[in-house]
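Let me begin by presenting the structure, written as structure tokens, before commenting on it.
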Amino acid sequence: MSSYLGELAALGTSVCFAIGSTLFALAGRELGSLVVNRIRLVMATLLLVLAHWWLLGSFWPPQLTTEGGLWLALSGIIGLVIGDAFLFKALVLVGPRLPMLMMSLAPVFAALQAWLMFNEVLSLQQMAGILVTLAGIGWVVMDGNGNLNRPRHYGRGILFGLFGAIGQASGLVLAKNGLPDGFSAISANLVRMLAAAIALWSLTLLQRQFKSTITALIGHWKGLGLSMLASIFGPVVGVSLALFSIQHAPIGIASTLMALPPVLLLPVGYFVFKERFGWGAVAGTLLAMFGVGLLFLM
């Protein structure tokens, strides 16, 4: 069992992200996507500080190097600020299912970035996996049975989800450079989250939106509660498991197992968000997951 800890962590990541994205979508409809993105970084950072102290005996990783910290900070800003800003907007516009399906492209973008940046060669099977994944996602997006029930902002939701996937892929590629062997995933997550929180709230102050953000939170206990639960499942537990998985399993296999939320969210979209999609959407989602598997499972 211990030899599969990385793979099990990746499966746990998928479950946490499926739950977290649903809660973030509900919270975003209460508070707005920008407010939720700002508050969840603060919540997640505080929770990670406590978890780091409880599990590792310190509030900050003493073994963190300057170079590793810079890579992790940059990873957090690109993945958790820029990428998640697009993802959160998509979650509010069209619910969690379609944006998380777009996020299944993150392993594809990660492989392409590794090819461009690090000269990692793509095999014929991996190129076939990219094409199959794109075909599956295209099938879902163009699913004819869902035309009459598409959300009002369907196109924008798809586009923002795509940008979110690019941000997540870039963040993972950068995080890999700041994760030496033996470095705690919780420590790495704390560095990424704190850097993202500082960057986002600095931008909030520059935009003079600090007061309006706090005002939007006052009295909205439902939105705050949903944001807290979502922060636990997503940025704290989910991201920590994701970082642990890429340390203890091949990044391709880990990314494949972390790409399962669209499948898990099919019943959520149907029963919670009242989406009505045809069998084409189900088949396209499964085809996209098969493509992600082809991309990495050799």
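Given springs between every Cα pair under 10 Å in a Gaussian network model of the chain, which of Leu105, Leu70, Leu162 has the largest fluctuation?
Greatest mean-square fluctuation among the candidates belongs to Leu70.
Charges only on Cβ, +1 for Lys and Arg, -1 for Asp and Glu: so what's the dipole of segment 2-296 about the Cα centre, in debye to the nearest 20?
On the way: 15 positive and 8 negative charges, 210 e Å.
My answer is approximately 1000 debye.
Counting only helical runs of four or more DSSP H residues, what would the 222 nm mean residue ellipticity of the chain come to if each run contributes -39,500 (n - 2.57) and the total is spread over all its residues? Could the numbers behind the result be given before it?
Working: 15 runs with 222 residues, N = 298.
The per-residue figure over the chain is -24500 deg cm²/dmol.
Order 58-65, 227-234, 258-265 from most to least packed using the mean count of other Cβ atoms within 10 Å. Walk me through the numbers on the way to the answer.
Numbers: 58-65: 12.9, 227-234: 22.2, 258-265: 24.9.
So the order, starting with the most tightly packed, is 258-265, 227-234, 58-65.
Connecting C-alpha atoms closer than 10 Å in a GNM of the chain, tell me which of Ser184, Ser255, Ser170 has the biggest fluctuation.
Judging by the Gaussian network model, the answer is Ser184.
Test of understanding: in a Gaussian network model of the chain with alpha carbons linked when under 10 Å, which of Gly57, Gly164, Gly12 would top the mean-square fluctuation ranking?
Gly57
In the chain, if the dipole is taken from +1 on Lys/Arg beta carbons and -1 on Asp/Glu beta carbons about the Cα centre, which of Gln247, Phe210, Leu264 is farthest to the positive end?
About the Cα centre, the residue reaching furthest to the positive side is Phe210.
Would you mind listing how long segment 202-298 runs along its three principal axes, going by Cα atoms, in whole Å with the largest first?
Reported extents, whole Å, longest axis first: 51, 38, 24.
Span-like helices, the chain: DSSP H, alpha-carbon axial extent 20 Å or more, mean Kyte-Doolittle -0.5 or greater, which ones? Each step should come with its number before you reach the end.
Details: long enough: 5-31 (37 Å, 1.20); 33-56 (33 Å, 1.59); 124-141 (26 Å, 1.59); 154-177 (36 Å, 0.81); 185-206 (31 Å, 1.70); 279-296 (26 Å, 1.85).
Span-like helices, by this rule, are 5-31, 33-56, 124-141, 154-177, 185-206, 279-296.
In the chain, what is the count of Lys pairs whose alpha carbons are under 24 Å apart, counting only pairs at least 8 residues apart or on separate chains? Mind dumping the intermediate values first?
Working: Lys89/Lys211; Lys89/Lys222; Lys89/Lys274; Lys211/Lys222; Lys222/Lys274.
Going through the chain pair by pair, I get 5.
Of Gly219, Leu47, Phe273, whose Cα points farthest to the positive end of the dipole of the chain (charges on the beta-carbon: +1 Lys, Arg; -1 Asp, Glu; origin at the Cα centre)?
In the chain, that residue is Gly219.
A short reminder: the numbers here are calculations on the coordinates, not readings from a lab. Here the structure is a predicted model, which means the values were calculated and not measured. Cβ: placed from backbone, ideal geometry, glycine included. Neighbour counts: every protein chain shown.
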